[in-house]
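Enquirer: Got a structure here, written out as structure tokens. Questions coming.
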Amino acid sequence: MKNYDLAIIGGGISGLSAALILSAGIKANGSLKDKSIAIFDAGGSDALKAKFFNAPGVKQGTSGKKAISKLVDQVQSYGIAKLYNTRVTEIIRNEECFNIKTKKEKEFSASNLLLATGFRNWNIEGLDLPIKPFTRTDNNSRVAIEHKEYKVKDNIYVCGLLSDVSSHYPIVAGTGAQAAINIMYDWSGQWIVIHDK
Ligand SMILES: Cc1cc2nc3c(=O)[nH]c(=O)nc-3n(C[C@H](O)[C@H](O)[C@H](O)COP(=O)(O)OP(=O)(O)OC[C@H]3O[C@@H](n4cnc5c(N)ncnc54)[C@H](O)[C@@H]3O)c2cc1C
């Protein structure tokens, strides 16, 4: 079984934004060249219900379905992150890594996790996490996870709505990007910022 360096759980706006920045960083930085990433997505991004008019840089009237599909293409153009279209059902931490079980009854392992599953519920068994109510809405069924600078505990990071930020494309994308930069810092000891030109 392949052990990924990072498993991103949730391939919505924030998880894909993180994957994009990580892919660019891994491609550009020799010290990260062996890092591997998997994205697991259950296919229920909030963005799929949206039509974007106020998302910076996104053509007005773009459907969320198209926005997500373009993000997937952008991530896959680097050939670094592997996307699995399946729901993660359980994650067990052992001494060396996390064992990840999915709905399709496959098992994976990863050394680090980036949790990007949105704020609707926490539906993965097995991890002991500081779950708390999401604070930026009156709807008290929403959830978030406590963190410091997107780090929840050793080897576990969070981004997007699950990190308790307001529900807007640029905001959640930014948390994914920042979490990605922080992960690359923890891997390399350097602040890696990729400006293509
Ligand atoms: C109707 C509607 C309209 C909107 N309109 C706008 C707008 O006009 N402008 C704007 O800026 N924002 C808008 N938004 C907000 C924007 O879509 C969200 O802020 C954004 O999608 C949240 O990103 P996220 O990555 O945190 O979560 P999501 O994009 O929801 O992604 C979470 C992903 O995690 C996956 N997941 C969950 N559990 C698991 C699991 N166990 N295993 C694997 N995958 C899992 C889900 O299937 C989903 O794909 C709108 C939202 C809605 C609902």
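Enquirer: For N3, indicate whether it is surrounded by fewer than 17 Cβ atoms within 10 Å (Cβ to Cβ), more than 11 Å from the ligand (Cβ to nearest atom) and farther than 17 Å from T175 by Cα. Break it down stepwise before answering.
Expert: On the way: surrounded by fewer than 17 Cβ atoms within 10 Å (Cβ to Cβ): yes; more than 11 Å from the ligand (Cβ to nearest atom): yes; farther than 17 Å from T175 by Cα: yes.
Against the criterion (surrounded by fewer than 17 Cβ atoms within 10 Å (Cβ to Cβ), more than 11 Å from the ligand (Cβ to nearest atom) and farther than 17 Å from T175 by Cα), N3 qualifies.
Enquirer: Cβ-Cβ distance below 6 Å, separation of 6 or more or different chains: which pairs start in the range 104-128 with a residue that is modelled with pLDDT under 95 and end on one that is part of a loop (DSSP other than H, G, I, E, B)?
Expert: Correct list of pairs: K104/T86.
Enquirer: Check the range 137-153 and report whether any residue there is under 16 Å from the mean Cα position of the chain (by Cα), on the phi < 0 side of the Ramachandran plot, modelled with pLDDT of 95 or more and within 9 Å of the ligand (Cβ to nearest atom).
Expert: Looking for residues that are under 16 Å from the mean Cα position of the chain (by Cα), on the phi < 0 side of the Ramachandran plot, modelled with pLDDT of 95 or more and within 9 Å of the ligand (Cβ to nearest atom), one finds none in the range 137-153, hence no.
Enquirer: Residues in the range 132-149: is at least one touching a strand residue (DSSP E or B) at 6+ places or on another chain (Cβ under 8 Å), part of a loop (DSSP other than H, G, I, E, B) and touching a residue at least 60 places away in the same chain (Cβ under 8 Å)?
Expert: Scanning the range 132-149, I find no residue that is touching a strand residue (DSSP E or B) at 6+ places or on another chain (Cβ under 8 Å), part of a loop (DSSP other than H, G, I, E, B) and touching a residue at least 60 places away in the same chain (Cβ under 8 Å), so the answer is no.
Enquirer: Could you go through the range 183-192 and let me know if any residue there is assigned to a loop (DSSP other than H, G, I, E, B), within 13 Å of the ligand (Cβ to nearest atom), touching a residue at least 12 places away in the same chain (Cβ under 8 Å) and over 12 Å from the mean Cα position of the chain (by Cα). Reasoning before the result, please.
Expert: Applying the first criterion (assigned to a loop (DSSP other than H, G, I, E, B)) to the range 183-192 yields 189-192.
Narrowing further to those that are within 13 Å of the ligand (Cβ to nearest atom): none.
Within the range 183-192, not a single residue is assigned to a loop (DSSP other than H, G, I, E, B), within 13 Å of the ligand (Cβ to nearest atom), touching a residue at least 12 places away in the same chain (Cβ under 8 Å) and over 12 Å from the mean Cα position of the chain (by Cα).
Enquirer: Which fully enclosed strands (runs of 3 or more DSSP E) of the range 1-85 have 2 or more residues being in contact (Cβ under 8 Å) with a residue 40 or more places away in the chain and of a type in the set (V, I, T)?
Expert: 3-9, 37-40
Enquirer: Also, I was wondering about something else. Looking only at residues in the range 59-87 that are under 16 Å from the mean Cα position of the chain (by Cα) and of a type in the set (S, T, N, Q), which one is nearest to the ligand (Cβ to nearest atom)?
Expert: Selected residue: T86.
Enquirer: For the range 35-58, indicate whether the set of residues that are surrounded by 14 or more Cβ atoms within 10 Å (Cβ to Cβ), modelled with pLDDT under 95 and more than 15 Å from the ligand (Cβ to nearest atom) is non-empty.
Expert: No, the range 35-58 contains no residue that is surrounded by 14 or more Cβ atoms within 10 Å (Cβ to Cβ), modelled with pLDDT under 95 and more than 15 Å from the ligand (Cβ to nearest atom).
Enquirer: Filtering the range 154-182 down to residues that are in contact with a strand residue (DSSP E or B) (Cβ under 6 Å, 6 or more places away or on another chain) and away from the ligand (no atom under 14 Å from the Cβ), which residue is farthest from P56 (Cα to Cα)?
Expert: From the range 154-182, those in contact with a strand residue (DSSP E or B) (Cβ under 6 Å, 6 or more places away or on another chain) are 155-158, 162, 164, 179; that's our starting set.
Still in the list and also away from the ligand (no atom under 14 Å from the Cβ): 155-156.
Numbers: N155: 31, I156: 29 Å.
If we take residues in the range 154-182 being in contact with a strand residue (DSSP E or B) (Cβ under 6 Å, 6 or more places away or on another chain) and away from the ligand (no atom under 14 Å from the Cβ), then N155 is farthest from P56 (Cα to Cα).
The values are calculated or read from the model by the stated rules, or taken from the named source; none is laboratory data. Remember, it's a predicted structure, so these values are computed and weren't measured experimentally. Note that we place each Cβ from the backbone using ideal geometry, even for glycine, and neighbour counts take in every protein chain shown.
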